[in-house]
Every structure is written in C-alpha cells, then in structure tokens.
Amino acid sequence: MPTLYLPCDSLARAVGADEVSTALITQARERNLPLELQRTSSRGLYWLEPLLEVETPQGRIGFGPLTATDVPSVLEALGNPSSHPLALGLVEELPYLKTQQRLLFARAGITRPLSLDDYRAHGGFEGLTRAVAIGGEQTATAVFDSGLRGRGGAAFPAGIKWRTVRATQAAQKYIVCNADEGDSGTFADRMLMEGDPFLLIEGMAIAGISVGATLGYIYVRSEYPDAVATLRAALNIARENGYLGANVGGSGLAFDMEVRVGAGAYICGEETALLDSLEGKRGIVRAKPPIPALQGLFGQPTLVHNVLTLASVPLILAKGAQFYRDYGMGRSLGTMPFQLAGNIRRGGLVERAFGLTLRELLEDYGGGTASGRPLKAAQVGGPLGTWVPPSQFDTPLDYEAFAAMGAMLGHGGVVVADDSLDMAQMARFALQFCAEESCGKCTPCRIGSTRGVEVIDRLLASKDQGGRDEQAIILKDLCDTMQYGSLCALGGMAPFPVTSALKYFPADFGLQASEAEQ
C-alpha cells in the first residue's frame with residue numbers, strides 16, 4: 001500500500017491542499033486503490049505547493065504544484081512516478097532543499113505535526129532528557145557557550161538572558177515566547193508552530209527548568225488561528241505524556257504553559273508592549289531599565305524569546321554547544337531560516353548557516369523576480385528594514401556585516417522588488433505604517449511618523465528642484481530625530497527604509513544623487 005504525504009500547512013491549504021486531499025481519498029476509493037495519506041508539515045518550498053510526496057524504495061518522489069484535477073493522472077502514475085509531467089524527482093535531491101543546512105526545520109515536511117511518535121522518532125525530547133540529566137546551571141551554560149543570539153531581530157546573546165533570570169531570586173518566574181510574527185514577508189514562526197509544535201514546547205520546558213520558571217506563555221498573533229489550534233492540541237498531548245506539568249520529563253520540577261492570542265497590534269512584537277498585553281493592558285512600550293529579565297511579566301523575572309530562539313535550544317542540548325557553534329561565521333553562529341517573499345520566482349524558506357550572501361539567497365535559491373524584470377532591491381528585516389540595492393547583494397548574511405552597512409537581518413524576512421517599484425511610495429508607506437502602529441508613548445515616533453508622511457508628500461508635489469532639495473533635508477533631519485530619539489525599535493527603525501530609499505534611489509523622489517546623500 002503506497003504512502004502519500006501532503007502538507008497541512010496553512011499556506012498549502014490556501015492554495016488547494018485540502019481539495020487535493022479530498023480528491024485523493026475520493027479517487028482512491030472509486031478505483032479500489034488502497035493507500036495511506038498522511039498530512040505532514042510543509043517543506044517550505046512554497047512555489048511548489050500543494051506538494052504531494054509518494055514513498056518509494058529510493059525515497060520520496062514529489063509532484064507539484066498540484067490541483068485536484070491532477071489527482072487522477074497522479075494516481076495512474078504511481079507505478080512509474082517519473083513519467084508524470086508534474087513529477088519532481090526525489091524531493092531531498094531538489095537543489096533548493098539539498099543545499100540547505102536544516103537544523104530548526106530538520107523535520108519540516110517529514111513528520112505529522114501532532115504525532116508524538118513522529119517527533120520522538122526524529123530526535124524529539126532528546127534535548128529535554130539531556131537538560132534534566134545535567135541540571136539547570138549546566139543547561140544555561142550550554143546555551144551561553146553555543147553563541148545562540150535572539151532570532152527576533154535584536155540578536156542579543158540568549159545565554160546572558162538565561163543566566164540573568166536564573167540568578168535573580170523571586171517566588172515566581174516566567175518564560176514568554178514572542179510569537180507575534182508581524183513583519184511582512186515572514187512566516188518561519190508560523191511554519192514551525194503549525195508544523196513542529198513539540199519543538200517549541202520542548203525548548204520552553206528546557207528554559208523553564210533551567211532558569212527556575214514554572215509558567216510559560218506563547219503569545220501568538222490573532223492572524224494565526226491554525227497555529228493557535230495546533231499549539232493548544234500539542235500542549236494537551238505533551239501534558240498527558242509527562243512533558244509538562246508537575247514533573248517535567250521526570251525532573252521533579254514543575255513547568256506548564258498556555259497560549260495567549262494577541263489582538264492585532266504590531267507594537268506588541270516589542271517585548272515590553274507584549275508583556276503589558278499579556279497582563280491585560282493596552283500594549284505600550286515600557287522604558288528600560290528595569291529589563292524584563294529582572295522585572296518582566298507581573299513585575300517578576302521573565303525570560304522573553306521569540307519562537308526560533310526557543311526552538312533552537314533542544315538541538316543545542318541534544319548535540320552540544322560546539323555542534324551548534326560549527327555553523328555560521330564570526331559572532332553570528334548557528335543557522336537562520338531566511339524567508340523569501342515578494343516579487344520572487346521561488347518563494348519559500350531557506351535555512352542556512354550565517355555567511356551566505358544575499359545574492360546567493362535571491363538568485364540561487366529565489367531564482368530572481370517572478371515578473372522576470374531586473375531586481376531593483378530587497379528589503380531585509382521586515383517593513384522597517386533597509387532597502388538593499390544590487391550593489392550590496394554580495395554582503396554576507398551576518399548580523400555584524402549588515403549592521404556595518406546600516407541594515408539589520410531582523411527576523412530573516414526578505415521581500416524582493418523589481419525595477420518597477422516606486423521607492424518614494426515605499427518610503428511613504430513605512431512612515432504611514434509607523435504612524436498607524438505607534439503606541440503613542442514617545443514623541444519622536446508618534447509625531448515624527450505623521451510629519452514624515454507630510455514631508456514626503458510635499459517633496460513629491462514640489463515643482464522645482466530647490467523645493468525638493470529643501471524637503472529632502474527636512475526629511476533626513478526628521479529621520480535622525482526618530483532613529484535616535486524613539487523609545488523602541490518601531491520609531492527607531494522606521495527611518496531605515498526611508499533613508500535607504502533616498503540614498504540608493506534618489507530619482508524616484510525627483511532628486512539628484514548628491515542631494516539625497518547629504
């Protein structure tokens with residue numbers, strides 16, 4: 001009896017995976033053809049979804065992208081899969097996938113999200129077992145020694161946070177997972193929560209018993225209902241099997257967690273605004289100090305990480321800190337799941353060690369623009385990320401290398417644009433977005449973003465070069481005030497797409513290069 005695999009990922013379902021599944025079951029029944037259909041996580045090869053895989057003695061053969069009308073011919077070709085026009089060959093041998101270095105997403109497309117047996121068969125809970133064996137202090141040391149840095153954007157060393165929370169005395173401590181993945185073009189958190197939820201649970205449980213926290217919260221954006229449902233189901237399964245509760249993994253220590261759903265505020269991706277939201281308040285950025293590691297949720301020591309950071313922990317414990325350090329370059333260690341979106345031919349998830357270049361990512365993996373027009377720029381790091389021109393595409397994807405050119409990797413999202421995109425309008429959009437999403441606590445962000453939109457409108461409406469030059473100077477000064485005077489990264493980063501657009505694409509504003517770079 002052949003075994004078939006089809007993703008239950010929400011993007012795969014959005015492009016017809018459920019219809020393909022129904023057609024497979026119906027057609028197999030009509031043909032009296034016995035088969036087993038498993039709904040797995042997604043490989044992240046999104047341009048091929050829905051991607052059907054068929055088990056063969058040589059490995060899994062892929063077909064895609066499929067529609068329900070393709071199902072009869074696929075079933076007829078099961079005896080000779082390579083004969084079908086949509087056959088892709090062995091999925092593991094596809095260049096897009098074969099050259100990746102998947103650590104976080106090693107189970108992507110292979111396991112069923114809510115199958116504990118699948119998870120354990122592929123290394124699941126080995127990290128937790130190791131953490132229980134070596135104790136909390138050595139667990140925190142392993143995270144520190146691995147060089148793991150926060151994958152939410154700030155890239156702060158995770159081990160320092162762990163040691164700080166562990167050393168702080170308090171009757172109650174918390175673990176908070178920031179799963180408010182709101183940046184445009186990002187989907188790695190969603191993919192992992194929907195496709196490999198036990199990995200996140202294991203990472204949070206390890207963190208809890210290491211730093212002395214007994215409660216954890218996963219703060220998920222409301223736009224991710226499938227992730228919320230999957231996580232809640234996975235939490236129940238983990239609890240029933242002793243991985244959560246009064247005796248986590250036989251450690252004698254208690255740790256439990258629950259899912260909380262956000263209300264759609266982008267600002268709640270900032271850790272202190274998220275904590276206010278968890279407390280039932282309006283999400284407003286807190287001034288620091290005190291830092292959350294000392295006084296976080298309900299005023300108690302709180303370890304706050306994003307999904308990818310916490311999900312990296314089980315592998316570090318299972319394989320060792322040195323294994324993790326062997327990936328990457330400089331201070332950027334481990335792997336990063338980069339997410340290709342926008343005007344890109346092969347959109348999807350690419351997990352590689354830090355150090356590959358942006359050009360490799362866009363051209364070798366992405367295949368250039370979907371429109372076939374020349375690449376104009378790539379915005380790296382979300383809607384407030386810098387627009388990187390082709391002249392800088394050979395920059396390695398590394399925290400320090402990007403910081404050196406006034407950019408940041410952020411959450412690893414890369415949005416691609418061709419030469420038809422108007423960068424002046426994208427600069428205006430960035431400031432308009434900031435104005436709408438600002439929590440309003442600090443003046444540079446609250447007022448500066450609104451004034452910025454007005455300045456760009458005046459610049460574009462100017463009929464003479466002198467008027468445009470004057471407005472460009474005002475806009476640059478305003479961006480400086482926002483960048484260095486805002487309380488958090490929303491106001492501090494909103495100028496990045498504006499100043500980079502002015503610098504590299506002055507013609508879109510009606511400016512000469514010399515005026516834009518002043």
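May I ask you to give the percent of accessible area on the chain that is carbon plus sulfur, with a probe radius of 1.4 Å?
52
Aspartates and glutamates near K463 by alpha-carbon distance under 19 Å, same-chain residues fewer than 8 away left out - which ones?
Correct list for K463: D422, E454, D508, E515.
I'd like the distance separating the alpha-carbon centroids of segment 4-19 and segment 442-456, in whole Å.
42
Ignoring everything but the protein chains, give the 1.4 Å probe accessible area of W47 in square angstrom, nearest 10.
Rounded to the nearest 10, the figure is 80 Å².
Describe numerically, in nm with one decimal, the distance between label points set 7 Å from Cα along Cα→Cβ at T67 and at M1.
Those two pseudo-labels are separated by 3.1 nm.
What are the semi-axes of the equivalent ellipsoid of segment 3-99, taken as the square roots of 5 times the eigenvalues of the Cα gyration tensor, listed largest first and rounded to whole Å?
19, 16, 11
In Å², and per residue, what accessible area does segment 337-379 have when probed at 1.4 Å with the other protein chains present?
31
In whole angstrom, and with the biggest value first, how far do the Cα coordinates of segment 423-509 range along each principal axis?
Principal extents (Cα only, largest first): 37, 20, 19 Å.
Where the centroid of each part is defined by its Cα atoms, how far is segment 127-143 from segment 38-116 in Å?
36
Just to confirm my numbers, what's the Cα centroid distance between segment 289-363 and segment 184-250 in Å?
Cα centroid of segment 289-363 versus Cα centroid of segment 184-250: 17 Å apart.
Per residue and in cubic angstrom, what volume does the convex hull of the Cα atoms of the chain have?
Hull volume over Cα atoms, normalised by residue count, gives 144 Å³.
Keeping every protein chain present and rolling a 1.4 Å probe, give me the accessible area per residue for segment 403-508 in Å².
41
Report the label-to-label distance for M329 and D117 in nanometres (one decimal), using points 7 Å from each Cα along the Cα→Cβ vector.
Reported label-point gap for M329 and D117 is 4.5 nm.
With each label point set 7 Å from Cα along the Cα-Cβ vector, what nm distance links R260 and T443?
Computed distance between label sites R260 and T443 equals 3.2 nm.
When the expected Rg is taken as 2.2 N^0.38 Å, what fraction or multiple of it is the alpha-carbon Rg of segment 235-274?
1.63
Are there trypsin sites (Lys or Arg not before Pro) in segment 270-303 that DSSP marks as loop and that have at most 11 other Cβ atoms within 10 Å, and which are they?
K281
Quick check: residue separation of R451 and A170 times 0.36 nm, minus the Cα distance between them. What number comes out in nm?
96.7 nm
When you take every Cα atom in segment 368-500, what is the radius of gyration, and what is Dmax, the widest Cα pair distance, in Å?
Over segment 368-500's Cα set, Rg and Dmax evaluate to 15.1, 44 Å.
Could you calculate the contour length gain from Y484 to D18, that is, 0.36 nm times the residue separation minus the distance between their Cα atoms, to one decimal place in nm?
Full extension from Y484 to D18 adds 162.9 nm.
Per residue, how large is the accessible surface of segment 132-200? Use a 1.4 angstrom probe and give square angstrom.
31
Starting from the Kirkwood radius over alpha-carbon pairs of segment 104-206, derive D by Stokes-Einstein at 37 °C in a medium of 0.692 mPa s and give it in µm² s⁻¹.
Values: Rh = 15.3 Å.
Using the Kirkwood radius from Cα pairs, D works out to 215 µm²/s.
For the chain, what does -39500 (n - 2.57) per DSSP helix run (n ≥ 4), summed and divided by total residues, give at 222 nm, in deg cm²/dmol to the nearest 500?
Value at 222 nm, helices only, nearest 500: -12000 deg cm²/dmol.
Return the FRET efficiency for the residue pair A133, D422: r is the Cβ-Cβ distance, R0 is 56 Å, and the value is rounded to the nearest 0.05.
After rounding to 0.05, the efficiency reads 0.45.
Once phi is turned into θ = phi - 60°, what whole-Hz ³J(HN,Hα) does the Karplus curve with 6.51, -1.76 and 1.60 give for every residue of segment 6-13, x standing for Gly and Pro?
Running phi through 6.51 cos²θ - 1.76 cosθ + 1.60 with θ = phi - 60° gives 9, x, 9, 4, 5, 5, 4, 5 Hz.
Between A404 and E30, what FRET efficiency follows from the Cβ-Cβ distance if R0 is 56 Å, with the result rounded to 0.05?
Values: r = 62 Å, r/R0 = 1.10.
Working from the Cβ atoms, E equals 0.35.
The values are calculated or read from the model by the stated rules, or taken from the named source; none is laboratory data. This is a predicted model, so every value here is computed, not measured. Neighbour counts run over all protein chains shown; Cβ positions are idealised from the backbone, glycine included. Just so you know, the surface numbers come from the protein's heavy atoms only, side chains and all, with ligands and any DNA or RNA stripped out. Shrake-Rupley method; radii C 1.70, N 1.55, O 1.52, S 1.80 Å.
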